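Novice: The structure under discussion is supplied below as structure tokens; questions concerning it will follow.
The values are calculated or read from the model by the stated rules, or taken from the named source; none is laboratory data. Small disclaimer: the values here were computed from a predicted structure and weren't measured. Neighbour counts run over all protein chains shown; Cβ positions are idealised from the backbone, glycine included.
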Amino acid sequence: MPLDLSPLATAPRLLIEADLKPLQGTRFQPTGFPNLGHAVYPAPDGNGQMILVESAQSMANRLEEVCWDEAADDWQAPLGGLPLVKVVDENGVPLTNSVLEAHRLNSPYILEGKDRTVFDLLKAELAAMEQGRVDLRKLARVVLKLDTSALLHGLFLAKKDLAGGRLRLPRALSAFIEAGDVREATSGGVKNDSVSPSGDTAKGFGNVPFARDEWVAGRIVAYFNLDLHQIRGFGLGATVETLLVALALYKVRRFLDGSLRLRTACDLGLAGEPRVTLPGGFALPPLAELEAALPNLIQAVGKEGLLNQPPALTVIWRK
């Protein structure tokens, strides 16, 4: 059936939740942070503990990865025609691209090499913002043309030569996973060396005991927040708005329907159909419906002259 986004026409946000569970057993390994370890915090009602399973930063990158076909080194088929920047070495061998780079167009492989193609383009397009307020609508139009998906991921062009490093687009699609009613499951093991059990462990010899911290939870929930007000605020027109919303829903659905193996010891699966908590009267479309709608939406935006042609801009990385 045709994609119907009319229930979102005036909503400020689209909020989605999905219950998750370990695929096998009951234990899982949450994300960890340097000098902090696992992010454990009291439940708001004071009953028990909660833990952050996956951070907003990590989820933003995971929602990009599901759009990319590693084997083909290109978009997943329904997304063909979306603009991006590809980086190759001097022999033409692919190195990275703006979809997979953590800082998107601000990647050092795009802006810090000898190939100044993208930097010079941004400098020329955004020259008027060197003084005064940043025109977010103009910035959004430039990003739409070069790296469309970054309008959802968010972007910070932290270069003093580009409007003094003030060019920022907030993240429009954010997500995180947290667990409630959690308890620690402590275990461990030993790396055995049957040849030299008492060998020099600093060099990789000897028996090495280790501790392992996993967790069990009463519930694990993935949360997704799409800022519809921000997307409309870009002022890019109804066709672009529809494309961006459909692309965001595709990312969420493909993430949830795909492999949720976040780490070796954190292999999760859906524990029920995702639910929309805001606005009422809307349900997350099936993946097939989104895949069918996206090619036509990309083509329609392209006909308005808003996307790069050809869509992939290639830069050569020279140190």
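Novice: Between a first residue in segment 100-128 that is on the phi > 0 side of the Ramachandran plot and a second residue that is of a type in the set (Gly, Ala, Ser), which pairs have beta carbons less than 7 Å apart while being 6 or more apart in sequence or on different chains?
Specialist: Pairs found: Arg104/Ser98; Arg104/Ala150.
Novice: Moving to a separate point now. Can you give me the number of residues within segment 231-255 that are touching a residue at least 40 places away in the same chain (Cβ under 8 Å) and either aliphatic (A, V, I, L, M) or crowded, with 18+ Cβ neighbours inside 10 Å (or both)?
Specialist: Of the residues in segment 231-255, 17 are touching a residue at least 40 places away in the same chain (Cβ under 8 Å) and either aliphatic (A, V, I, L, M) or crowded, with 18+ Cβ neighbours inside 10 Å (or both).
Condition check ((1) under 26 Å from Trp215 (Cα atoms); (2) not aromatic (Phe, Trp, Tyr)) across all residues:
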{"residue": "Ile16", "(1), (2)": "yes, yes"}
{"residue": "Leu23", "(1), (2)": "yes, yes"}
{"residue": "Phe33", "(1), (2)": "yes, no"}
{"residue": "Trp68", "(1), (2)": "no, no"}
{"residue": "Asp74", "(1), (2)": "no, yes"}
{"residue": "Asp89", "(1), (2)": "no, yes"}
{"residue": "Leu95", "(1), (2)": "no, yes"}
{"residue": "Ser98", "(1), (2)": "no, yes"}
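Novice: While we're looking at this one, here's another question. Only one of (1) without any contact (Cβ under 8 Å) to a residue 60 or more places away in the chain; (2) farther than 25 Å from Ala60 by Cα fails for Leu162. Which number is that?
Specialist: (2)
Novice: For segment 256-313, enumerate the residues that are free of Cβ contacts under 8 Å to residues at least 60 places away in the same chain and on the phi > 0 side of the Ramachandran plot.
Specialist: Gly305
Novice: Of the residues that sit in segment 184-217 and are closer than 29 Å to Phe28 by Cβ and acidic (Asp, Glu), which one is modelled with the lowest pLDDT?
Specialist: Residue satisfying both the conditions and the ranking: Asp213.
Novice: Can you tell me which residues in segment 48-76 are surrounded by fewer than 14 Cβ atoms within 10 Å (Cβ to Cβ) and without any contact (Cβ under 8 Å) to a residue 12 or more places away in the chain?
Specialist: Gln57, Asp69, Glu70, Ala71, Ala72
Novice: Among the candidates Ala150, Ala140, Ala163, which residue alone is under 25 Å from the mean Cα position of the chain (by Cα), crowded, with 20+ Cβ neighbours inside 10 Å and farther than 24 Å from Asp73 by Cα?
Specialist: Just a single option satisfies the conditions, and that option is Ala140.
Novice: Can you tell me which residue in segment 88-117 is surrounded by the most Cβ atoms within 10 Å (Cβ to Cβ), limited to those that are in contact with a strand residue (DSSP E or B) (Cβ under 8 Å, 6 or more places away or on another chain), more than 23 Å from Gly302 (Cβ to Cβ) and of a type in the set (Val, Ile, Thr)?
Specialist: Val88
Novice: Before we move on, is Val99 at pLDDT 95 or above, in a loop (DSSP other than H, G, I, E, B), touching a helix residue (DSSP H, G or I) at 6+ places or on another chain (Cβ under 8 Å) and within 20 Å of Leu306 (Cα to Cα)?
Specialist: Spelling it out, Val99 is indeed at pLDDT 95 or above, in a loop (DSSP other than H, G, I, E, B), touching a helix residue (DSSP H, G or I) at 6+ places or on another chain (Cβ under 8 Å) and within 20 Å of Leu306 (Cα to Cα).
Novice: I need the helices (runs of 4 or more DSSP H) fully contained in segment 108-183, keeping only those with at least 2 residues that are modelled with pLDDT of 95 or more and under 28 Å from Ala238 (Cα atoms).
Specialist: 136-147, 150-153
Novice: Kindly indicate which of Gly81, Gly164 is touching a strand residue (DSSP E or B) at 6+ places or on another chain (Cβ under 9 Å), on the phi > 0 side of the Ramachandran plot and not charged (D, E, K, R).
Specialist: That would be Gly81, the only listed residue that is touching a strand residue (DSSP E or B) at 6+ places or on another chain (Cβ under 9 Å), on the phi > 0 side of the Ramachandran plot and not charged (D, E, K, R).
Novice: Tell me which residues, restricted to segment 283-309, are surrounded by 18 or more Cβ atoms within 10 Å (Cβ to Cβ) and in contact with a strand residue (DSSP E or B) (Cβ under 9 Å, 6 or more places away or on another chain).
Specialist: Result: Leu284, Asn308.
Novice: For segment 32-56, how many residues are at pLDDT 95 or above, out of contact with any Gly (no Cβ under 9 Å at 6 or more places or on another chain) and among the polar types (S, T, N, Q)?
Specialist: 1
Novice: Somewhere in segment 241-264, is a residue modelled with pLDDT under 95 and among the aromatic types (Phe, Trp, Tyr)?
Specialist: Within segment 241-264, none of the residues are modelled with pLDDT under 95 and among the aromatic types (Phe, Trp, Tyr).
Novice: If a residue has to be in a loop (DSSP other than H, G, I, E, B) and loosely packed, with under 13 Cβ neighbours inside 10 Å to count, how many in segment 24-47 make the cut?
Specialist: Summing the residues that are in a loop (DSSP other than H, G, I, E, B) and loosely packed, with under 13 Cβ neighbours inside 10 Å in segment 24-47 gives 11.
Novice: Against the definition (in a strand (DSSP E or B), at negative phi and buried (at least 17 other Cβ atoms within 10 Å of the Cβ)), how does Ala18 come out, yes or no?
Specialist: yes
Novice: List the number of the failed condition for Gly81; all other conditions in (1) of a type outside the set (Asp, Glu); (2) within 20 Å of Leu226 (Cβ to Cβ); (3) surrounded by fewer than 21 Cβ atoms within 10 Å (Cβ to Cβ) hold.
Specialist: Single failed check for Gly81: (2).
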